[in-house]
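Data first, discussion second: the structure below is written as structure tokens.
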Amino acid sequence: MLPLMDDRPDLLLSRDGRLGRIVLNRPAALNALTHAMIRRMSAQLADWADDEGVDTVLLTGSGTRGLCAGGDIVSIYRGGAGVDSDSDSDGSVAAAARFFADEYHLNAAIHRYPKPYVAVMDGVVLGGGVGVSAHASTRIVTERTRLGMPETAIGFVPDVGGTWLLSRAPGELGTHLALTAALASGSDAIALGLADHFLPSDRLPALVGSLAGTGAAEAIRALAETPPPSALLTQRAWIDDCYASDDVGAIVAALQHSPVEAAREAAALILTRSPTALAVTLASLRRARRLPTLDEVLDQEYRVTLRFLQRRELQEGIRAQVIDKDRNPRWSPATLGEVTQASVDAYFAPLGEQELGLGHAPEWERDGVFS
């Protein structure tokens, strides 16, 4: 295996036969994505798309704990998003906006990548980790997979195309995961439509070796096995019933009055989340369900994301969960009843010249790489 000449520690790029390998390499941070990693990964995928010597791209994470815990939210909190270090408020928001814009362009590029892109979703796969894996053409989970979109726990909404994925899960299973920020197993991920194949983790080295000289479909077919039953799928009846409403308050009431203990536990969990984030998340899912393409959903998510960057909920959620770790966020407004429809609708208003514009090719695609 030959590493590329400009290899950097946080993102390992290499060629092994006809296999291009991307390894997220920040194990101490559970391989959280920095802006520099996102930019470099985008550039490498563009190069390999036109490289006749590369048949398949493989994404894995360094270490044994997981593929990726999401975006580097500590850097976002501090205003630099992993690249810039503007100290003023406007500069901090601009830097974070650039982070998310480049991340969403990467998610879209993965979705339409012209070659097999195999993502190994082993261990923890959260937020931005879902974005670089669940849009792949081939998605592999293991018995160690713990997948989730935990954004409502930090005063944010599922992004990176998460509302596209969760809104298209069977019934209301995706709504349940989005509002509670709960984790799904590998079997659950397959049931949700977020993954394709189940491999025991001890077979992953064999898969990597096989992909170097064998097509992705053949290599996976030889090693994959039937996943265990999905525990989440067995709960679909009460989930579909309780999450049918387009109003978070009504959903919580239905959960609280359910005879199913798991439903009442879900209600208690939801009520610890940001009321604003919950209301905007549900609206995002319902709107995403009606949008025909991932690009349009990512454009919508970007509008919502920029509004959250300009408000206090996300900063307060990161502070409480990650910075101070007091687990006592002070949400504002503090209750679901205080969140108005007008305030929710404002998150989806057009951005004018700031629109992400994924209906148009990103800059490196305009240069002819993916045209």
Legend entry - Inter-label distance, nm, simple model (7 Å from Cα along the C-beta direction), ALA268/LYS115: 5.1
Inset, instruction - Count the net charge of all other residues whose Cβ sits under 12 Å from the Cβ of ARG146, scoring Lys and Arg as +1 and Asp and Glu as -1. - result: -1
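Extension gain THR293-ASP202, at 0.36 nm per residue separation less the Cα-Cα distance, in nm? Each step should come with its number before you reach the end.
Working: separation 91, 0.36 × 91 = 32.76 nm, distance 3.62 nm.
Separation in residues times 0.36 nm, less the Cα-Cα distance, equals 29.1 nm.
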Inset, instruction - Would you mind telling me the antiparallel percentage of the DSSP bridges in the chain, rounded to 5? - result: 40
Inset, instruction - Evaluate 2.2 N^0.38 Å with N set to the residue count of the range 247-310, then give the Cα radius of gyration divided by it. - result: 1.33
Inset, instruction - Please name which of GLY20, VAL297, PRO229 has its Cα lying farthest along the dipole of the chain towards the positive end, using unit charges on Cβ (Lys, Arg +1; Asp, Glu -1) and the Cα centre as origin. - result: PRO229
Legend entry - Residue exposure sequence - THR335, THR180 - by fewest surrounding Cβ within 10 Å: THR335, THR180
Inset, instruction - At most 16 other Cβ atoms within 10 Å plus a DSSP loop assignment makes a site exposed; report the longest stretch of the chain without any exposed GluC sites (Glu not before Pro). - result: 144-354
Legend entry - Local electrostatic count, VAL208, Cβ distance below 14 Å [Lys/Arg +1, Asp/Glu -1]: +1
Legend entry - Shape parameters for the range 102-183, alpha-carbon atoms, Rg then Dmax in Å: 12.4, 36
Inset, instruction - Could you give the DSSP H helices of the chain that reach 24 angstrom or more along their long axis (alpha carbon positions) and whose average Kyte-Doolittle hydropathy is no lower than -0.5? - result: 89-111
Legend entry - Surrounding net charge for VAL74, when Lys and Arg each add one and Asp and Glu each subtract one, Cβ distance under 14 Å: +2
Legend entry - Size of charge dipole - the chain - debye, nearest 20, with Cβ of Lys, Arg +1 and Asp, Glu -1, no other charges: 660
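Every number in this text was worked out from the coordinates using simple rules, so none of it is lab data. Just so you know, these numbers come straight off a predicted model, no measurement behind them. So basically every Cβ, Gly included, is an ideal-geometry build from the backbone, and we count neighbours across all protein chains shown.
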